[in-house]
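**Student:** Below you'll find the structure I mean.
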Amino acid sequence: MSSELDVTLVGPDRAAEVVGVIHRAFAARPPLDPPATAGDETVETVAASLERDGGLLATRRGHPMGAILFDRSRPGMLGLKRVSVDPLGRDRGVASVMVGVAEDVAEEQGMDGIWLTVREELPANYRFWNHRLYLPVRQDGPTIEMGKTLWLAREVPDADTMRDLAARVAGLLRPGDLLVLTGGLGAGKTTFTQGLGEALGVRGPVTSPTFVIARTHPSEVGGPPLVHVDAYRLGDAAEIDDIDLDATTDESVTVVEWGEGMAEQLSDSWLSISIETRAASPGDPLGTACGIPSDEMRVVSIRPHGRRWLEVPLRTALLG
Ligand SMILES: Nc1ncnc2c1ncn2[C@@H]1O[C@H](COP(=O)(O)OP(=O)(O)O)[C@@H](O)[C@H]1O
Ligand SMILES: [Mg+2]
């Protein structure tokens with residue numbers, strides 16, 4: 001029989017196994033003040049919670065090794081409660097596997113993000129989540145709430161859809177925001193930036209800044225200017241400092257093409273937008289033979305980094 005961990009979505013019929021793991025896990029923790037309330041959970045309270053919001057049970061060879069109760073009290077967000085690993089299963093990645101499954105569940109169910117709380121007396125728990133890109137949102141006494149905004153990927157069949165996607169992104173932006181675009185030559189980075197510029201109401205045209213490295217497009221509607229940077233010919237991170245973007249990034253929306261690994265130093269938070277080109281579908285009626293560049297499928301992945309994007313409903317705004 002395999003020693004693989006099996007993680008499944010469970011309902012109230014598995015409450016006895018779930019409460020057993022919760023009790024074993026929390027009994028192994030140091031005493032806290034005020035004490036954790038996990039010890040008060042019973043089969044009935046856990047069954048009611050699983051009935052309402054569901055949860056995860058991890059088993060190995062049929063033995064319960066870990067559990068999580070979901071909390072769906074916040075719209076668009078998946079809460080993780082009572083994240084529990086049997087003391088025998090420590091250091092065997094049970095928690096990591098469960099968190100991966102919980103994130104998949106949240107994504108499949110169209111959630112924008114995940115939240116949970118940790119006790120400040122348990123720094124190893126804090127580090128566990130922080131390592132998985134969960135960031136502190138707020139603190140209430142010894143309880144720290146942590147959150148993570150989920151990334152997304154979507155198909156973009158043509159240049160107009162790329163501009164529409166950018167317009168949706170523009171709707172979320174405010175002065176000081178940084179976008180880092182990656183993707184090969186012709187992927188659609190400038191097309192995306194054009195959509196952004198149009199939606200922000202800045203003076204155009206937005207073109208590939210081939211002869212200049214950075215171009216500022218002032219707003220025509222009293223909003224933030226768009227600073228459009230092409231880092232293609234910049235050798236390294238030091239050179240992005242030379243163009244003195246720091247002076248403007250607080251008041252502007254800054255978009256850096258080819259900026260991965262360089263632009264991130266400009267801000268603690270950024271949106272990374274990567275564009276992958278997929279082969280054109282066979283029988284595409286718009287061949288380049290007739291002189292029109294044909295539309296081709298792209299897959300655009302948008303990943304939030306840093307505190308700025310906590311609690312921003314990226315997936316709802318960009319996929320809905
Ligand atoms: N799905 C798509 N998304 C974006 N651009 C597309 C798409 N399909 C075809 N294109 C075309 O590909 C080209 C992308 O060029 P550009 O935006 O300048 O790329 P980059 O700045 O990444 O080098 C444009 O001519 C655009 O019309
Ligand atoms: Mg370009």
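The values are calculated or read from the model by the stated rules, or taken from the named source; none is laboratory data. If you're wondering where the values come from, they're calculated on a predicted model, not measured in any experiment. Cβ coordinates were reconstructed from backbone atoms using ideal geometry, including for glycine residues, and neighbour counts include every protein chain displayed. Heads up: the accessible areas ignore ligands, DNA and RNA and are worked out on the full protein's heavy atoms, side chains in. Shrake-Rupley method; radii C 1.70, N 1.55, O 1.52, S 1.80 Å.
**Student:** Which condition number in (1) open to solvent by less than 50 Å² (accessible area, probe 1.4 Å); (2) part of a helix (DSSP H, G or I); (3) of a type outside the set (Val, Ile, Thr) is the one that Gly79 fails?
**Tutor:** With (1) open to solvent by less than 50 Å² (accessible area, probe 1.4 Å); (2) part of a helix (DSSP H, G or I); (3) of a type outside the set (Val, Ile, Thr) applied to Gly79, the lone miss is (2).
**Student:** Could you please find all residues in the stretch 51-63 being in contact (Cβ under 8 Å) with a residue 40 or more places away in the chain and open to solvent by 30 Å² or more (accessible area, probe 1.4 Å)?
**Tutor:** Matches in the stretch 51-63: Glu51, Arg61.
**Student:** Hey, another quick one. Just to confirm my filter: which strands (runs of 3 or more DSSP E) fall fully inside the stretch 123-190 and include at least 1 residues that are touching a strand residue (DSSP E or B) at 6+ places or on another chain (Cβ under 6 Å) and within 16 Å of ligand 1 (Cβ to nearest atom)? Walk me through it before giving the result.
**Tutor:** Numbers: elements: 135-140, 143-149, 152-156, 178-182.
Output list reads 152-156, 178-182.
**Student:** If you don't mind, there's one more thing I want to ask. Look at Ala48 and say whether it is crowded, with 19+ Cβ neighbours inside 10 Å and among the aliphatic types (A, V, I, L, M).
**Tutor:** no
**Student:** So if I check each of Asp177, Asp230, which one is more than 16 Å from ligand 2 (Cβ to nearest atom), touching a helix residue (DSSP H, G or I) at 6+ places or on another chain (Cβ under 9 Å) and charged (D, E, K, R)?
**Tutor:** Asp177
**Student:** In the stretch 14-57, what residues are under 22 Å from Ser73 (Cβ atoms), under 31 Å from the mean Cα position of the chain (by Cα) and assigned to a loop (DSSP other than H, G, I, E, B)?
**Tutor:** Those that are under 22 Å from Ser73 (Cβ atoms), under 31 Å from the mean Cα position of the chain (by Cα) and assigned to a loop (DSSP other than H, G, I, E, B): Ala36, Gly54.
**Student:** Here is a follow-up. Quick check on the stretch 154-163: of everything there that is more than 16 Å from ligand 2 (Cβ to nearest atom) and surrounded by 14 or more Cβ atoms within 10 Å (Cβ to Cβ), which residue is modelled with the lowest pLDDT? Before the answer, list the steps.
**Tutor:** Taking the stretch 154-163 as the starting set, the residues that turn out to be more than 16 Å from ligand 2 (Cβ to nearest atom) are 154-155, 157-158, 160-161.
Next, only the ones that are surrounded by 14 or more Cβ atoms within 10 Å (Cβ to Cβ) stay: 154, 158, 161.
Details: Arg154: 93, Asp158: 96, Thr161: 97.
Applying the filter and picking the extreme gives Arg154.
**Student:** Given the condition polar (S, T, N, Q), open to solvent by less than 40 Å² (accessible area, probe 1.4 Å) and outside the structural domain of Phe192 (by TED's automatic domain parsing), answer yes or no: does some residue in the stretch 114-131 qualify?
**Tutor:** No: zero hits.
**Student:** I've got another one for you. Hey, among Val202, Val206, which residue is within 16 Å of His228 (Cβ to Cβ), buried (at least 16 other Cβ atoms within 10 Å of the Cβ), free of Cβ contacts under 8 Å to residues at least 40 places away in the same chain and out of contact with any helix residue (DSSP H, G or I) (no Cβ under 8 Å at 6 or more places or on another chain)? Quick ask: steps written out before the conclusion?
**Tutor:** Details: Val206 fails: out of contact with any helix residue (DSSP H, G or I) (no Cβ under 8 Å at 6 or more places or on another chain).
Just one listed residue meets the conditions, Val202.
**Student:** Picking from Ser96, Ser73, Ser84, which residue would you name as being among the hydroxyl-bearing types (Ser, Thr, Tyr) and in contact with a helix residue (DSSP H, G or I) (Cβ under 6 Å, 6 or more places away or on another chain)?
**Tutor:** Ser84
**Student:** Here is a further query. Would the stretch 262-273 turn up any residue that is modelled with pLDDT under 90, within 16 Å of ligand 2 (Cβ to nearest atom) and open to solvent by 50 Å² or more (accessible area, probe 1.4 Å)?
**Tutor:** no
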